[in-house]
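The values are calculated or read from the model by the stated rules, or taken from the named source; none is laboratory data. As the structure is a prediction and not an experimental result, all values here were calculated from the model. When we count neighbours, we look across all protein chains shown, and the Cβ atoms used for this are built from the backbone with ideal geometry, even at glycine.
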Amino acid sequence: MLEIKNLHAEIDGKPIIQGLSLTVKDGEVAAIMGPNGSGKSTLSYILAGKEDYEVTEGEILLDGENILEIPVEERAARGVFLAFQYPLEIPGVATMTFLKAALNAQRKARGEAELSTPDFIKRVNSASDELKISKEMLRRAFNVGFSGGEKKRMEILQMALLQPSLAVLDETDSGLDIDALRIVADGVNALRSPKRSFIVITHYQRLLNHIVPDSVHVLSKGRIVKSGGKELALELEANGYRDYEEAA
Ligand code: ADP
Ligand code: MG
Ligand code: MG
């Protein structure tokens with residue numbers, strides 16, 4: 001379970017997150033929606049531990065442990081997975097090599113033995129077959145020259161391999177075409193599990209036609225100003241965010 005309690009954070013002394021509280025239960029898919037500039041991406045960067053953001057108050061508990069106190073490089077090992085609008089490209093590192101390193105770093109941090117190469121290949125092959133990722137793609141440099149849809153498949157493949165307890169997807173403004181949107185939605189839906197929580201961040205309602213969320217939260221000016229069920233997303237689509245911007 002994820003509990004964000006009265007979170008305040010700033011960038012260069014400018015307050016961005018201003019008293020954000022949110023609980024996401026095990027197995028829950030929570031959607032966060034909100035106008036541009038409301039702090040959605042900032043929230044995902046803080047969960048990732050990006051340096052520019054200073055948390056001045058509050059805590060983020062994952063199964064009771066404050067993840068703000070967990071070193072950034074250990075968060076993935078502790079079950080936090082973050083997917084970004086603009087995925088990292090790593091020239092010179094084959095995708096297969098990158099994935100193996102990511103998986104083994106997680107295992108190491110958990111005190112588990114490294115996967116043998118045959119075991120690793122078996123896992124990657126079965127996950128990538130399901131996602132229609134070719135062997136050729138796995139040999140190419142990680143994300144370099146991948147199309148938008150291929151990057152999305154790669155993101156879902158990483159999630160499938162790392163089996164996170166919390167997955168955060170910031171899809172805002174990414175202009176996902178319908179194929180990429182399906183890839184993300186099918187991937188998330190396939191990985192929904194009673195032990196896994198998702199935060200799906202989106203500016204537009206259409207992603208939520210494919211990933212039906214358990215809860216919807218409106219972020220405005222750095223705090224959650226309204227929470228509801230999936231119907232809240234439809235209401236926002238019809239009426240826009242104006243009411244909530246004024247309420248903040
Ligand atoms: P959203 O994802 O909801 O569109 P962001 O989290 O990207 O919003 O941005 C929230 C606010 O923080 C905006 O007002 C934005 O201008 C500001 N902001 C984001 N990053 C920086 C930065 N590096 N320096 C200064 N202000 C920033
Ligand atoms: Mg934005
Ligand atoms: Mg954003």
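Things worth noting here:
- Just so you know, in segment 171-184 the residues that are touching a Lys or Arg at 6+ places or on another chain (Cβ under 7 Å) and within 16 Å of ligand 3 (Cβ to nearest atom) include one that is modelled with the lowest pLDDT, and it is Thr172.
- Residue within segment 208-220 that is aliphatic (A, V, I, L, M), in contact (Cβ under 8 Å) with a residue 40 or more places away in the chain, under 23 Å from Val80 (Cβ atoms) and part of a loop (DSSP other than H, G, I, E, B) present: yes
- Taken over segment 31-45, the criterion of being more than 11 Å from the chain's Cα centre (by Cα), of a type outside the set (Lys, Arg) and either within 7 Å of ligand 2 (Cβ to nearest atom) or part of a helix (DSSP H, G or I) (or both) is satisfied by Asn36, Gly37, Thr42.
- Some residue of segment 221-244 being buried (at least 19 other Cβ atoms within 10 Å of the Cβ) and closer than 22 Å to Lys132 by Cα: no
- Against the conditions (1) closer than 30 Å to Lys230 by Cβ; (2) within 16 Å of ligand 3 (Cβ to nearest atom); (3) over 12 Å from the mean Cα position of the chain (by Cα), Gly64 satisfies every one except (2).
- Residue in segment 48-60 that is modelled with pLDDT under 95, away from ligand 1 (no atom under 14 Å from the Cβ) and in a loop (DSSP other than H, G, I, E, B) present: yes
- Being loosely packed, with under 15 Cβ neighbours inside 10 Å, within 9 Å of ligand 1 (Cβ to nearest atom) and at pLDDT 95 or above holds for only one residue in Lys14, Lys25, and it is Lys14.
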